[in-house]
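Down below is the structure, laid out as structure tokens.
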Amino acid sequence: MTCHNRRATTLQCLTALARQQGFREEDLYLVDDGSQDGTGKAVLALMPQAHVLEGDGTLFWNGGMRLAWEQARAVETDYDWYFWLNDDVELLPGALDGILADAERSRDQHGAVICAGTTISRGSEGEVTYGGHLRPDPRRRPLRMRLAIPDGTPKKIDTISGNAVLVSAAAFERLGSLDPMFEHIYGDLDYGLRAGAAGVPCILAGKPVGYCDANPVAGSSRDPALSRFARVRARWREARAIHGRDWRRFVARYSPSPITRLGHRLSPYARILLDKPRR
């Protein structure tokens with residue numbers, strides 16, 4: 001896990017995690033990436049045997065998760081599984097047992113598998129927010145993805161969101177850690193796509209594993225309450241920030257040609273001007 005200045009959210013997540021059967025606090029590796037709200041100390045007060053690592057505030061998600069994962073690997077070399085968990089996920093009862101059972105039945109002959117858990121919103125409709133992704137047309141549109149919907153049994157997916165993911169040790173041995181090329185986001189999508197290229201099964205657990213609301217769009221280029229001009233300006237700011245840098249790296253890796261890459265850079269502006277929201 002990795003966190004930054006979300007003490008109450010992080011503690012809520014850990015409280016739900018502690019209720020999972022088989023959980024041991026000494027197996028928790030959490031990076032507190034320069035929090036100013038006492039998150040790290042609060043975690044140790046709740047779980048004194050946890051491994052809380054200090055970051056300087058520049059690790060973000062991808063760097064924080066890399067540090068936690070590499071430390072877990074260095075301290076304990078006999079783990080069979082690694083579980084990624086975002087600190088804004090509240091696990092449902094029995095979530096770990098369920099995702100583990102689905103992962104175990106889906107491993108390849110070498111024991112490799114990656115199993116993503118679906119998260120849902122806390123509203124009455126329980127909308128799917130994160131989990132696994134399918135690529136309907138990977139050759140013509142390699143970056144066009146849609147969320148996979150769990151149907152009760154594990155099923156093959158093309159890549160993952162990193163909110164709640166189980167990675168077997170055999171998969172880690174084949175793929176290594178998250179790619180340091182990414183600063184904050186897209187390292188999870190990249191990991192799932194690399195898994196597919198390496199022949200590692202990438203699956204979606206049969207049932208949702210927890211609650212996690214989608215990131216708010218207020219004030220962003222996807223905010224429908226803003227004018228088109230305001231949304232274009234917001235998109236310009238986003239393109240220059242860390243998310244924009246990671247997006248360009250992701251596009252450069254998975255788009256087949258310079259023309260396609262240019263199209264991906266321009267398409268958000270075109271969607272705003274044509275009033276066609278991203279789906």
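For residues that are of a type in the set (A, V, I, L, M) and within 18 Å of residue 240 (Cα to Cα), tally how many sit in region 177-198.
Looking only at that region, the number is 2.
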inquiry  = Looking only at region 109-122, filter to residues that are in contact with a helix residue (DSSP H, G or I) (Cβ under 8 Å, 6 or more places away or on another chain) and in a loop (DSSP other than H, G, I, E, B); which one of those is nearest to residue 133 (Cα to Cα)?
reply    = 117
request  = Just one of (1) crowded, with 20+ Cβ neighbours inside 10 Å; (2) out of contact with any Asp or Glu (no Cβ under 6 Å at 6 or more places or on another chain); (3) in a helix (DSSP H, G or I) trips up residue 190, so point out which.
outcome  = (2)
note = Filtering region 101-120 down to residues that are buried (at least 20 other Cβ atoms within 10 Å of the Cβ), within 18 Å of residue 19 (Cα to Cα) and not β-branched (Val, Ile, Thr) yields 117
ask   = Of the residues 270, 214, 225, which is modelled with pLDDT under 95, within 23 Å of residue 60 (Cβ to Cβ) and either assigned to a helix (DSSP H, G or I) or not aromatic (Phe, Trp, Tyr) (or both)?
value = 214
task = Give the residue that is nearest to residue 167 (Cα to Cα), with candidates limited to residues of region 123-156 that are surrounded by fewer than 18 Cβ atoms within 10 Å (Cβ to Cβ) and hydroxyl-bearing (Ser, Thr, Tyr).
result = 153
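Listed here are the residues, each with its yes/no results for (1) more than 18 Å from the chain's Cα centre (by Cα); (2) under 29 Å from residue 121 (Cβ atoms); (3) assigned by TED's automatic domain parsing to the domain that holds residue 164; (4) among the β-branched types (Val, Ile, Thr).
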| site | (1), (2), (3), (4) |
| --- | --- |
| 9 | no, yes, yes, yes |
| 13 | no, yes, yes, no |
| 41 | yes, no, yes, no |
| 44 | yes, no, yes, no |
| 49 | yes, no, yes, no |
| 81 | no, yes, yes, no |
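The values are calculated or read from the model by the stated rules, or taken from the named source; none is laboratory data. Remember, predicted model here, so these are calculated numbers, not experimental data. Backbone-built Cβ (ideal geometry, glycine too); neighbour counts: all protein chains shown.
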